[in-house]
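Here the structure is laid out as structure tokens; the discussion comes afterwards.
Throughout, read-outs are computed from the coordinates displayed, never taken from laboratory work. On a predicted model such as this, the values are computed, not experimentally measured, just so you know. Reconstructed Cβ throughout: ideal geometry from the backbone, glycine too, with neighbour counts over all protein chains shown.
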Amino acid sequence: MNTTPFWTDQYPRPDDIPVSSDLPSEVDMAVVGSGYTGLNTARVLAESGASVAVIERNTVGWGASSRNGGMPHRVLNRVCPRFTRNTVLKKGG
């Protein structure tokens, strides 16, 4: 069983990603997590002129952003039925 995402075999992490073990003394915004949401938030803030630091415990995309998130769907139908597509379709949405 492969314990790393398959996409990293074809698209390995670039060597030129700026990584530092030293935290900046001051930033306008610190973003915790470098998944899709964290990186997009940091990008939008930086493009608007803010100084941004992305803080990540592991590597870029380490968590759910680089894994299959399809597992909880059956559970969500029972736990949160009002948020599922099937429920919206049943109600004529």
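Over all other residues within a Cβ to Cβ distance under 15 Å of Val54, the charged ones net out to -1, with Lys and Arg as +1 and Asp and Glu as -1. Neighbours of Ser20 by Cβ distance under 15 Å: Lys/Arg scored +1, Asp/Glu scored -1, total -4.
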